[in-house]
1. Pick out the one residue from 210, 225, 270, 229 that is part of a helix (DSSP H, G or I), touching a helix residue (DSSP H, G or I) at 6+ places or on another chain (Cβ under 6 Å), closer than 30 Å to residue 323 by Cβ and in contact (Cβ under 8 Å) with a residue 12 or more places away in the chain.
2. Anything in the stretch 234-257 that is over 29 Å from the mean Cα position of the chain (by Cα) and at pLDDT 90 or above? List them, or say none.
3. So, in the stretch 352-388, how many residues would count as being in contact with a helix residue (DSSP H, G or I) (Cβ under 6 Å, 6 or more places away or on another chain), surrounded by 20 or more Cβ atoms within 10 Å (Cβ to Cβ) and in a loop (DSSP other than H, G, I, E, B)?
4. Failed condition for residue 247, given (1) crowded, with 16+ Cβ neighbours inside 10 Å; (2) more than 30 Å from residue 484 (Cα to Cα); (3) in contact (Cβ under 8 Å) with a residue 40 or more places away in the chain, with all others met?
5. Being at pLDDT 95 or above, touching a strand residue (DSSP E or B) at 6+ places or on another chain (Cβ under 9 Å) and surrounded by 17 or more Cβ atoms within 10 Å (Cβ to Cβ) is the requirement here; does residue 402 meet it?
6. Only one residue in 310, 299 is more than 21 Å from residue 387 (Cβ to Cβ), surrounded by fewer than 22 Cβ atoms within 10 Å (Cβ to Cβ), in contact (Cβ under 8 Å) with a residue 12 or more places away in the chain and touching a helix residue (DSSP H, G or I) at 6+ places or on another chain (Cβ under 7 Å), so which one is that?
7. Does residue 184 satisfy being in a helix (DSSP H, G or I), within 23 Å of the chain's Cα centre (by Cα) and within 30 Å of residue 324 (Cα to Cα)?
8. Report whether or not residue 179 is in contact (Cβ under 8 Å) with a residue 24 or more places away in the chain and over 28 Å from residue 404 (Cβ atoms).
């Protein structure tokens, strides 16, 4: 029966029936519990079905099973494939344990060291990341992408001059496009850190040109986000958003908070500070609202807009969407989320505030605001995973356009929201941490806890799903304010886009 169960599980997985696939693989695992391949398939199916915590556990067991056997390169490769899957699911503690075990068993293989370096870099174990990267490079001295990774780790550790020498040396040779793109993006960040401001934008422009030749960037739909904003521009009224206000929907938490904004606007700082409070759980960049939207589309498969579909829902339908959201959260976080305050930090939930306000009328919104010029500069500098949103950030004008469109949407939707909104300015938090966050805690009904001041100490060893991960592992620093002043010419080139936002929010124009 085991072979039949596996066959049926694979067939279901191929057509996207993840829940059914998981049932068949679970049956196969019951019959052959010591087979790593079957357990790996079960873990993947569970993750695809949204049961990520459970699935990651099976993936860990599968990798351990492959590492337990007699040393063999193919067993190592399969275990390391699982490490990559765990990283993708955000289980960096599992990836760390397995990477460490793999390098102890296979110290002469480069890939375990490379994965250990990536894992440690993601959770701010900087020195271990550097040592692992160096070990990988020693085993593969001609591996250009590994050298770029090592330069990135050096930059994260503040060793900017070493990173610059390494990247400049790499770019002196003819690199493949993917390696050249990564090297240019990293060199832009490094030269900014070294104060070589005249060199930064030429590197960014070169990276953008190369990205146009890479399929993962070229395939992104640049019209998706603008199209979404246009569709929602006038789709919601205060009346439609507040349709279910006062309805007694059940929920697992005393307080439900959405932290939103724009890339690099301070949402990660807010997340880390709130996470330091014993009554708060923070979901970090997990698109839980997507689960509610998927359920909405199952209930109403028509081609109508999201706003029109929401308008057709009755109370039972709203409850279904809420259940889909909380089921996705429970599948990802399990009992860890059982605290009085649940914070959903997914930065571009800004664009989904119509859905959020409609189905969670008891929730609260925290909007992260930062000087538009600093936001766009930081977003343009960062290397991010390709998506229809991040693809705009590759070019300077694209970053400014996406920001201006998003903030225009925010300015339109905010007066219509029936949810309480707390706007936290990044600059206020830098200048008066206790005052800015004390006011936020009061608004959220939380008692002040002095321990939140040491938010940066908790970032070491913890996964932060943001390019800000190494910044939030350090105390606050004022040098992040008004960085835009170092780039007068680029700022002037996008003043038509950012100037109106700067003036609206009262930031200094010069």
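The values are calculated or read from the model by the stated rules, or taken from the named source; none is laboratory data. Quick caveat, the model's predicted, so the values are computed rather than measured. Here the Cβ positions follow ideal geometry from the backbone for every residue, glycine too, while neighbour counts run over all protein chains shown.
1. Criteria check complete, one pass: 229.
2. Hits for the stretch 234-257 are 237, 238, 239, 240, 242, 243, 244, 245.
3. Count: 1.
4. (1)
5. No; evaluated as a whole, the condition is false for this residue.
6. Result: 299 is the single residue among 310, 299 that is more than 21 Å from residue 387 (Cβ to Cβ), surrounded by fewer than 22 Cβ atoms within 10 Å (Cβ to Cβ), in contact (Cβ under 8 Å) with a residue 12 or more places away in the chain and touching a helix residue (DSSP H, G or I) at 6+ places or on another chain (Cβ under 7 Å).
7. Here the answer is no, as residue 184 does not meet what is asked.
8. Criteria met by residue 179.
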